[in-house]
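Before any comments, here is the structure.
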Amino acid sequence: MIERVLAPNPSLYTGPGTNTYILSADGEALVIDPGPVIESHEIEIIAALGSLTPVGVVVTHTHPDHAPMANPLGVRLKVPVYGYTDGPSFRPDVAVADGQEIVFGGSRITAVHTPGHTPDHLCFRVGDTLLTGDHIMGGSSVIIEDARAYLNSLYLVRDLDVVRLEPGHGPAIDDAGAVIDQYIEHRIERERQILDAVANGAGTIGDIVDVVYADIPAGLRAAAVHQVSVQLKKLFDDSAVWFVVGMAEEQTEVRAR
Ligand SMILES: [Zn+2]
């Protein structure tokens, strides 16, 4: 069984807040992504566990809206903490590799290493459902650190043929295949938009953002600048653009090649 406990940390970046998941089978439970250290949220997680016996705390990646409560909660529940690697405010007791299984009751989750949003990102498969962390979000596009790794990780999860996605933010997604295809198409479309902007005279990252991310809230402009920068690195590797890093990221000069 999969139960969601919403953390009270809504924001531009986290949507309604972080989804903490409680997976249970045969009286045992795993806690996935306990989120930031918020006492009321910890109380809600423990209440949701009820009479279940917790056997582990697991994180999808080490961002501050997902992982910092994992270690304190692991201590409190007296269970091991699982994750890909160390991060800020996070240290796994058990380092989880791609393909590794974590057992609870008669069930198990299987880790799928999905770098791109962060290098340390894991999705977890349970039956025909994939817990996607920030690899795929309900209702918003994902901020990425590595455009090529991210696209490859989208192809990877598409090939898992799961039917349902439980994201780290936003509602569950029932048409998994269609939504993953939309994410892939969105990445390819973004690349095309950036190349079109450059072809039409955009000479800096700031110019590209003005065209490609014209409708984003002002509070997300810095993130958009960085997203273009991340995508330019892939386009450079694909021999599509040259760029010269500017004093500020936004001033980085770009031209087609
Ligand atoms: Zn994240």
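The values are calculated or read from the model by the stated rules, or taken from the named source; none is laboratory data. Note that the structure is a prediction, hence the values are computed from the model and not measured. Neighbour counts are summed over all protein chains in view; Cβ atoms, including those assigned to glycine, are modelled from backbone coordinates with ideal geometry.
Quick notes on this one:
- If you go through region 148-169 and keep only what is surrounded by 15 or more Cβ atoms within 10 Å (Cβ to Cβ) and either part of a helix (DSSP H, G or I) or more than 16 Å from the ligand (Cβ to nearest atom) (or both), you end up with Arg148, Ala149, Tyr150, Leu151, Ser153, Leu154, Leu156, Val157, Arg158, Leu160, Val162, Arg164.
- For region 98-114, residues that are part of a loop (DSSP other than H, G, I, E, B) and buried (at least 22 other Cβ atoms within 10 Å of the Cβ) total 1.
- When the residues of region 48-84 are filtered to those that are β-branched (Val, Ile, Thr) and more than 16 Å from the ligand (Cβ to nearest atom), the one that is nearest to Leu131 (Cα to Cα) is Val57.
- In the condition set (1) free of Cβ contacts under 8 Å to residues at least 40 places away in the same chain; (2) among the hydroxyl-bearing types (Ser, Thr, Tyr); (3) surrounded by 23 or more Cβ atoms within 10 Å (Cβ to Cβ); (4) over 17 Å from Pro36 (Cα atoms), Tyr82 is compliant with all but (4).
- Qualifying residue in region 21-42 (condition: in a strand (DSSP E or B), hydroxyl-bearing (Ser, Thr, Tyr) and surrounded by 20 or more Cβ atoms within 10 Å (Cβ to Cβ)): yes
Yes/no per residue for (1) over 24 Å from Lys234 (Cβ atoms); (2) in contact (Cβ under 8 Å) with a residue 24 or more places away in the chain; (3) in contact with a Ser or Thr (Cβ under 8 Å, 6 or more places away or on another chain):
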{"site": "Phe124", "(1), (2), (3)": "yes, yes, yes"}
{"site": "Gly133", "(1), (2), (3)": "no, yes, yes"}
{"site": "Ala147", "(1), (2), (3)": "no, yes, no"}
{"site": "Glu189", "(1), (2), (3)": "no, no, no"}
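- Extreme residue, nearest to the ligand (Cβ to nearest atom), among residues of region 100-115 that are within 16 Å of the chain's Cα centre (by Cα) and within 21 Å of Ala172 (Cα to Cα): Thr114
- Residue that is of a type in the set (Gly, Ala, Ser), more than 16 Å from the ligand (Cβ to nearest atom) and over 25 Å from Val254 (Cβ atoms), where the choices are Ala172, Ala199: Ala172
- Which numbered condition Ser141 fails, given (1) assigned to a loop (DSSP other than H, G, I, E, B); (2) within 30 Å of Asp237 (Cα to Cα); (3) without any contact (Cβ under 8 Å) to a residue 40 or more places away in the chain: (3)
- Only one of the numbered conditions (1) closer than 23 Å to Asp98 by Cβ; (2) charged (D, E, K, R); (3) touching a helix residue (DSSP H, G or I) at 6+ places or on another chain (Cβ under 9 Å) is violated by Glu166, and that is (3).
- Every test in (1) buried (at least 19 other Cβ atoms within 10 Å of the Cβ); (2) modelled with pLDDT under 95; (3) among the hydrophobic types (A, V, I, L, M, F, W, C) is passed by Ile194 save one, and that test is (2).
- Asp159 meets the conditions (1) of a type in the set (Asp, Glu); (2) free of Cβ contacts under 8 Å to residues at least 12 places away in the same chain; (3) touching a strand residue (DSSP E or B) at 6+ places or on another chain (Cβ under 9 Å) in every case but one. The failed one is (3).
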